[in-house]
Amino acid sequence: MSNYLEELNQEQKEAVTYGGGPLLILAGAGSGKTRVLTYRTAYLIQDMKVDPGKIALLTFTNKAAEEMRERVKKIGEKTGTLGFAGTFHTFCARLLREYGTNVAVEPNYVIFDSDDSEAAMKRVLKELDIDPKEHKPAMFLAVISKMKNDLVSISEAEAAAGDYFRRTVVKVWKAYQDKLKKNNAVDFDDLLVKAVALLKIDRVRDEVNNKLEWILVDEYQDTNRAQFELTKLLAGEKQNITAVGDAAQAIYSFRGADYRNLVLFKNEYPKAATVSLPMNYRSTQNILDTAYGVISHNTTHPTLHLETTEGTGERVDFFEAMDERDEAKYVVEQSRKLSDEGAQVAVLYRTNAQSRAFEDELMRRDIPYKLVGGLRFYNRAEIKDLIAYLRIVNNPEEEISRARIEKLGKRRAEVFYKWLEKLSKKQGQGNPGQLLEEIINAVGFLERFDERDEDDVARIENINELLAVASDYPDIEKFLESAALSESEIKQHRSNAKITLMTVHAAKGLEFENVFVVGLEEGLFPHSRSMLSGEKEEIEEERRLMYVAMTRAKKRLTLSWARSRLVFGGRHGSIPSRFLSEIPENLLKKVGGVREVERKMSSPSLGLDEFGEKKRRIVQDWEIAEETKDDFAEIDNW
């Protein structure tokens, strides 16, 4: 493919053919960054005569690395084998195998995965006589992981430990590291930290710099402090480093990623060239303009206004649902029509708990679907645990559920059976949602979760969703029957399913012909945690997440919100997401759903005045449950 450069547009060609020295490529969504990175690799080998063994290509997933290796091979047979092409952690693991003794790591060391690390932490807490119910192992691991990724040493953490919690973290960290050393082990974070320490040794760095003279880094906005330092040390004095990234798609701060590394890159390399890739090869212009309407409200990082090769396209559909069931019915019906025509469909939501309404509707209609990035709702451990309690309430002799409850702890089981004894003396059992809430409070079910842990936050959201759906049933038998049948009716062969359900985080890097972004309400998307923190950075990350969601769509994009939603076992009125108000009105087309109401959401804030006016019209026009009217009144008072 001697003419491969002819396939590139002007900006791509400029990036690919740049000579030596630092290069920053700002690659917008769908702008062909993978092509640019692989073609640049090929250009270095074929046109600049760089030895392929001196090139290191660093990525965040093995899949991305494999795809790039294959593309480089297809460009030309003489490209040879790259010095390295893989993830940061794989690179660091190999570096430690070869040079690890310089930082007290033996060549035959083992890598502890997340399960191994948690098991080691549990032993540490037991040895330190720290109650794992009060301070979960996962919480300590998360705090320690963040400090490692920020390259904070134990001694620095100890010097800054001004309160009991921080002092406890340092004590646990020391014991945990001792445990790793005793087992000749490193965890995932240590791979990065120890690799940085290695490269700070002059002799080692010089040797590695001579082996690898050209460094190419993918998804640079997702790097943390340790990865930034690693790439800087790898670039060495020659500074032949190419970084590709897009601040507008930085959505992993909870993993330690820092999009500001794109700015630090320019500070570290003042003479670096910057090439922007503003041409999109995925979405229609209306979709891109809608996404830009949202992301342009971020002020802490640059955003590209993308142009496309795919034409203007249809306006973005906007659906206002009465509640989450109405939303699910509309989205599933539209998805069915599109999938029947052979089109791909993705339903994207902010939290895993939101999958439940769509799963129920898809199963009710017997429509095949794929669920990405998590277990089906009723298969999640915390949901199965709570349903086991309800099954015992319904049938105290049932052995399987009894065994599951006892596995949750002797104390909890005893408390539950005492509670059950009191319940049997009451008249009737009551609403299953109320029963669940009583059980959760009686046995201290939520005590096992830590709100500082991202996974536990998701589990709590799932529990709230279960409370909400259970409250919709008149009695416990009907609810348990529905939950059981939902699981039994799921088709086992989903390989040909055209409809995919996933969180926005799971959708990063993917694309679909048709995308539904659902649950666009304040407190849901943007998430309540970002709103409660009061931090501008938190809201801006939510806005980037919204941008990523919208730019997954190629041909058709639909945005939806529900006027009321079951939350914590009760129905509450919703406020439309501020992101909806940031989209130019001329780009949206209202479809079906709630009776047409004049849309006035020009304020980038909550827009309570506008929402209040719309609410009054809705109450006049529709028959709404008294509880929903009460919720509207609460919003007015607020």
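The values are calculated or read from the model by the stated rules, or taken from the named source; none is laboratory data. It should be emphasised that the depicted structure is a prediction, and the values quoted were computed from it without experimental measurement. Every residue, glycine among them, receives a Cβ derived from its backbone with ideal geometry; neighbour counts consider all protein chains shown. In case anyone asks, the SASA skips ligands and DNA or RNA and just uses the protein heavy atoms, side chains included. Shrake-Rupley method; radii C 1.70, N 1.55, O 1.52, S 1.80 Å.
Can you tell me what share of the DSSP beta bridges in the chain is antiparallel? A percent to the nearest 5 is fine.
Close to 10 percent.
Once you place label points 7 Å from the Cα toward the Cβ at residue 61 and residue 159, how far apart are they in nm?
4.0 nm
Could you compute the net charge surrounding residue 204? Neighbours are other residues with a C-beta less than 14 Å from the C-beta of residue 204; K and R count +1, D and E count -1.
For residues surrounding residue 204, the net value is +3.
For the chain, what ratio Rg/Rh do Cα atoms give with a Kirkwood hydrodynamic radius?
0.99
Between residue 267 and residue 417, what is 0.36 nm times their sequence separation minus the Cα-Cα distance? Round to one decimal in nm.
47.6 nm
May I ask you to compute the full-extension gain from residue 464 to residue 441, defined as 0.36 nm times their residue separation minus their alpha-carbon distance, rounded to one decimal in nm?
Full extension from residue 464 to residue 441 adds 7.0 nm.
Determine how large the accessible area of residue 312 is when every protein chain is in place; take a 1.4 Å probe and give Å² rounded to the nearest 10.
90 Å²
Once neighbouring chains are kept in place and the probe is 1.4 Å, which whole percent of the accessible area of the chain is contributed by carbon and sulfur?
Reported share for carbon and sulfur atoms: 48 percent.
Once both axes come from the Cα atoms, what is the angle between helix 476-488 and the longest principal axis of the chain, in degrees from 0 to 90, rounded to 10?
Helix 476-488 and the main axis of the chain meet at about 40 degrees.
Tell me the mean residue ellipticity at 222 nm calculated for the chain from its helices only (DSSP H runs of n ≥ 4, each -39500 (n - 2.57), averaged over every residue, nearest 500).
Here the helix-only value at 222 nm equals -15000 deg cm²/dmol.
How tilted is helix 137-149 with respect to the longest principal axis of the chain? Cα atoms for both, answer in degrees (0 to 90, nearest 10).
Compared with the principal axis, the helix lies near 30 degrees.
Against the longest principal axis of the chain, how steep is helix 355-364, in degrees 0 to 90 to the nearest 10, with axes from Cα atoms?
Its long axis makes an angle of about 70 degrees.
Once the whole set of protein chains is in place, how much accessible area is left on residue 246, using a 1.4 Å probe, in Å² to the nearest 10?
10 Å²
Between residue 90 and residue 255, what's the calculated FRET efficiency when r is the beta-carbon distance and R0 is 22 Å? Round to 0.05.
It comes to 0.80.
When the label point is put 7 Å from the Cα of residue 482 along its Cα-to-beta-carbon vector, which residues of region 435-465 have a backbone N closer than 20 Å?
Inside the label zone: 435-440, 461-465.
Roughly how many Å² of residue 525 are accessible to a 1.4 Å probe, to the nearest 10?
Estimated to the nearest 10 Å², residue 525 gives 0 Å².
Pop out the ³J(HN,Hα) list for region 297-306 in order, Karplus 6.51 cos²θ - 1.76 cosθ + 1.60 with θ = phi - 60°, rounded to Hz; leave Gly and Pro as x.
After applying 6.51 cos²θ - 1.76 cosθ + 1.60, I find 7, 7, 10, 8, 8, x, 10, 8, 8, 7 Hz.
Which loop-located trypsin sites (Lys or Arg not before Pro) does region 186-293 contain, where loop means any DSSP state but H, G, I, E or B and the Cβ has at most 10 other Cβ atoms within 10 Å?
271
Taking 0.36 nm per intervening residue step and subtracting the Cα-Cα distance, what contour gain separates residue 589 from residue 70 on full extension?
Length gained, residue 589 through residue 70: 182.7 nm.
Using r as the Cβ-Cβ distance of residue 398 and residue 531, and R0 as 60 Å, what FRET efficiency do you calculate, to the nearest 0.05?
Taking R0 as 60 Å, the efficiency between residue 398 and residue 531 is 0.90.
Treat each spin label as a single point 7 Å out from the Cα along the C-beta direction, and report the residue 203 to residue 340 distance in nm.
Result: 7.3 nm between the two label points.
Per residue, how much accessible surface does region 235-359 expose to a 1.4 Å probe? Answer in Å², no decimals.
Result: 39 Å² of accessible area for each residue.
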